[in-house]
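The values are calculated or read from the model by the stated rules, or taken from the named source; none is laboratory data. The structure displayed is predicted, hence computed values, not measured ones. In this analysis, Cβ positions are derived from the backbone assuming ideal geometry, glycine residues included, and neighbour counts consider all displayed protein chains. What goes into the accessible areas is simple: the full protein's heavy atoms, side chains included, and nothing from ligands, DNA or RNA. Shrake-Rupley method; radii C 1.70, N 1.55, O 1.52, S 1.80 Å.
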Amino acid sequence: MKLRSTFTAVIGAGQVGATTAQRILEQGVSDVMLFDIVEGMPQGKALDLMEAAPIEGHGQRILGTNRYEDIQGAEIVVVTAGLPRKPGMTREDLLALNAKIIKDVCQNVKKYAPNSKLIIVTNPLDIMTYLASRETGFPENRCFGMAGVLDTARMRYFIAERLDCVPKDVQAVVLGGHGDLMVPVSSQTKVKNRPIRDLITSEELAAIEQRTRDGGAEIVKLLKTGSAFYAPSSSVCEMVKAVLRDEKKVLPVCAYLKGEYGLRDIYFGVTAELGKNGVEKIIELPLEPNEKKALEMSAQKVKQGIAEVSSLATAQ
Ligand code: APR
């Protein structure tokens, strides 16, 4: 069996990678090439997923591989390779470990899928996306990261839980770095077009915002042996769909900034239109002064990480 011409390559067949592959297949988005360095594992997961196809009723195909040559021709490459957080670890603790992995993956992506759109998922997200862009030399529109869709989904769920309503009726947006200083934008948060500030107290809203910032850590603490993967894979699948179907959908993503919000030379969480060319347009939202300030603080932290990863690179 061969894949059809439009396929997504998923690098890293662990929790996030394999679940992303499953969502892409079962939602009929595209065929998938699942890559991992562990021998047999991506092949085993791919076969298991194909054996579910008669029941799930989809016509997509998936193959597993340990050879980078097999990602040739991929329309999108999703990178989930790396170590997940352990309890007590911050995303930044992962920096040095995952930087090495991202470099290796990116050299191969550059070699075998030079025209693909690259979506980074590995943490610390903003820094790994910056590193990937530098390592591949891909134009900014073709290299971006997944974090905002996830952070926003978490906030939407927490609000829905509080108001006992359907999560998809909650509109929210979380900007900034995918870390402790991310910025839930309450001025833009609504439930069925009603401002959230009219629906819950400011204390309740503050608690939800904090729970959103701690959303990843809350899962790590419960799982003990890994980090979240169901909501992250849903988030990646949403982005892959927007690109492959040229939806021009506005989603919060980690994109390269050239002056938006007064920031440059940084990969950072902002809202952007996703279509067949990847990040087609960055949409700058009107922010309240305190939100703008919070965004600047978050950017400072990401810049520190970028400086750290750059010094690691020169030291090697
Ligand atoms: N090249 C390719 N794959 C690799 C490499 C490498 N150099 N190094 C490790 N991997 C693979 C592992 O073999 C493993 O199967 O990456 C996979 C990671 O899977 P998990 O350990 O299950 O981690 P997961 O929960 O999927 O998280 C992956 O996504 O959300 C982020 O913080 C998370 O950085 C982490 C990444």
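For the range 3-36, a residue qualifies if it is β-branched (Val, Ile, Thr) and touching a residue at least 40 places away in the same chain (Cβ under 8 Å), and the qualifying residues are 6, 8, 10, 11, 16, 19, 20, 24, 29. Put simply, of 125, 131, 118, 97 the only residue that is open to solvent by 10 Å² or more (accessible area, probe 1.4 Å) and aliphatic (A, V, I, L, M) is 97. Inspect all residues belonging to the range 151-158 and state whether any of them is open to solvent by less than 10 Å² (accessible area, probe 1.4 Å), within 15 Å of the ligand (Cβ to nearest atom) and acidic (Asp, Glu). Among the residues of the range 151-158, at least one is open to solvent by less than 10 Å² (accessible area, probe 1.4 Å), within 15 Å of the ligand (Cβ to nearest atom) and acidic (Asp, Glu), which makes the answer yes. Residues in the range 29-40 that are in a loop (DSSP other than H, G, I, E, B) and hydrophobic (A, V, I, L, M, F, W, C): 29, 37, 38. If you go through the range 141-173 and keep only what is over 20 Å from the mean Cα position of the chain (by Cα) and among the charged types (D, E, K, R), you end up with 161, 162, 164, 169. Residues that are more than 9 Å from the ligand (Cβ to nearest atom), out of contact with any helix residue (DSSP H, G or I) (no Cβ under 9 Å at 6 or more places or on another chain), modelled with pLDDT of 95 or more and part of a helix (DSSP H, G or I): does the range 53-66 have at least one? Scanning the range 53-66, I find at least one residue that is more than 9 Å from the ligand (Cβ to nearest atom), out of contact with any helix residue (DSSP H, G or I) (no Cβ under 9 Å at 6 or more places or on another chain), modelled with pLDDT of 95 or more and part of a helix (DSSP H, G or I), so the answer is yes.
Residue count for the range 189-227 satisfying the condition of being open to solvent by 90 Å² or more (accessible area, probe 1.4 Å) and either in contact (Cβ under 8 Å) with a residue 60 or more places away in the chain or not in a strand (DSSP E or B) (or both): 9. Within the range 277-286, the presence of at least one residue that is of a type in the set (A, V, I, L, M, F, W, C) and under 17 Å from the mean Cα position of the chain (by Cα) is confirmed. Taking the residues in the range 259-279 that are without any contact (Cβ under 8 Å) to a residue 60 or more places away in the chain and farther than 17 Å from residue 174 by Cβ as candidates, determine which candidate is most open to solvent (accessible area, probe 1.4 Å). So the residue we want is 264. Residues of the range 102-120 that are near the ligand (Cβ under 10 Å from one of its atoms), touching a helix residue (DSSP H, G or I) at 6+ places or on another chain (Cβ under 6 Å) and under 20 Å from residue 84 (Cα atoms): 102, 103, 120. Scanning the range 1-28 for residues that are among the hydrophobic types (A, V, I, L, M, F, W, C), within 13 Å of the ligand (Cβ to nearest atom) and in a loop (DSSP other than H, G, I, E, B) yields a single hit, 13.
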